[in-house]
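Structure first, commentary second.
The values are calculated or read from the model by the stated rules, or taken from the named source; none is laboratory data. Since we're looking at a predicted model, the values are computed, not measured. Because the Cβ atoms are built from the backbone with ideal geometry, glycine has one as well, and the counts that use them run over all protein chains shown. What goes into the accessible areas is simple: the full protein's heavy atoms, side chains included, and nothing from ligands, DNA or RNA. Shrake-Rupley method; radii C 1.70, N 1.55, O 1.52, S 1.80 Å.
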Amino acid sequence: MQIGIDSFAAKGRQEGSPSINSDAASLNQLLDRIERADQVGLAVFGIGEHHRPEFLDSAPTLILAAAAARTRQIRLTSAVTVLSAADPVRVFQQFSTLDLISNGRAELVVGRGSFTEAFPLFGLKLKDYDALFSEKLDLLLAIRDNEFVTWSGQFRPALNGEGIYPRPIQNPLPIWLGVGGTPQSFVRAGMLGLPLMVAVIGGETHRFRPLVDLYREAGRRAGHSPEQLQVGLHSLGYVAATTEGAMADFYPGYAATFTKIGRERGWPPVTKAHFDALAGKQGALLVGSPEEVAQKILRHSEALGGISRVTFQMDSAELSHEKLMSSIELLGTHVRPLLQ
């Protein structure tokens, strides 16, 4: 099983008031963390895409390209590319270029995104949420499979045999489908034979098993092999020397972040009891000691019928750079060997 990390390039804790200089420091610390993840043997590092003031990941391929120059083995991916609000031609060109820079280590996880700021920013209508994604995914896969593309759709000018360059080292360039809890999204991934990255950021992971089964059944009916139908799990998580220490570190920032998001979406404020339930044996949060986290990953894998990848989202809890570096170290030197 591959272990990785996903980051939204959250603005870090810097001394003094927020500034351009502190944003620069946050991004450079993020690159340090990607380099450390590579050094300790983690398999993948993903950068999200947001257009909000608290995140610095509006141009994720630039961050990944900088990381490619400082790493040797780790795979570099989006987490996720908000394909509904992007031009598939440019997305392919950017990640194909990243693949060349990294010597064949680029991947994409494409999705519709859980925030909506990109729609007004790029002049799109939220009512077209799914239609935009479906059409643009179709075009992205056509570009991946063909150097010269003839295609037409509703939301983008047609292509009439134009060549799309550069071409990547990997053939095909890996594209995962990132999903939340919509059954149609799981079925679509299965029908297309795309590997699936399931974002479980709340509730109990085993409740996603019927949706994963839908994915595998749709893939089987479409003629795709079981080996092609990989399932990855994206979870909020953090590892410290002890479970008590991990919980104490993670809770304050987690509660602040999700209480703020909750005010936007009509959720109740986060309570300690709610957090403790999510961090328990069946809950979605991967927070604890290396031994506790490894056991929980194995339980989640069994509950979902087997997973090939798990990625930790750690920087949503306002943790310091030093604590994040320590957690990365523990993931590589303790959790990874336990799972192997």
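Report yes if Thr311 is β-branched (Val, Ile, Thr), touching a residue at least 24 places away in the same chain (Cβ under 8 Å) and open to solvent by 20 Å² or more (accessible area, probe 1.4 Å), otherwise no.
Judged against the criteria, Thr311 is not a match.
Pairs under 8 Å by beta carbon, first residue of a type in the set (Phe, Trp, Tyr) in the range 250-261, partner at pLDDT 95 or above and in a helix (DSSP H, G or I), six or more apart or different chains?
That search, which allows pairs on different chains as well, returns Tyr251/Lys272; Tyr251/Phe275; Tyr254/Phe275.
Kindly indicate the residue of the range 11-60 that is open to solvent by 40 Å² or more (accessible area, probe 1.4 Å), more than 22 Å from Val82 (Cα to Cα) and acidic (Asp, Glu) and also modelled with the lowest pLDDT among those meeting that condition.
That would be Glu15.
Evaluate the following for Gly203: is it surrounded by 20 or more Cβ atoms within 10 Å (Cβ to Cβ), more than 19 Å from Gly113 (Cβ to Cβ) and among the small types (Gly, Ala, Ser)?
The answer is no for Gly203.
Keeping to the range 67-89, report how many residues are over 24 Å from Ile164 (Cβ atoms) and either part of a helix (DSSP H, G or I) or open to solvent by less than 20 Å² (accessible area, probe 1.4 Å) (or both). Let's see the steps before the verdict.
Our first condition is that a residue be over 24 Å from Ile164 (Cβ atoms); within the range 67-89, this holds for 67, 69-74.
Keeping just the survivors that are either part of a helix (DSSP H, G or I) or open to solvent by less than 20 Å² (accessible area, probe 1.4 Å) (or both) gives 67, 71, 74.
Within the range 67-89, residues that are over 24 Å from Ile164 (Cβ atoms) and either part of a helix (DSSP H, G or I) or open to solvent by less than 20 Å² (accessible area, probe 1.4 Å) (or both) number 3.
Taking the range 208-233 as the region of interest, how many residues are surrounded by fewer than 17 Cβ atoms within 10 Å (Cβ to Cβ) and of a type outside the set (Lys, Arg)?
9
When the residues of the range 105-137 are narrowed to those that are surrounded by 21 or more Cβ atoms within 10 Å (Cβ to Cβ) and not hydrophobic (A, V, I, L, M, F, W, C), which ends up farthest from Phe45 (Cα to Cα)?
Lys136
Within the bounds of the range 159-171, is there any residue that is open to solvent by less than 30 Å² (accessible area, probe 1.4 Å), under 26 Å from Gly4 (Cβ atoms) and either touching a residue at least 40 places away in the same chain (Cβ under 8 Å) or touching a Cys at 6+ places or on another chain (Cβ under 7 Å) (or both)?
Yes.
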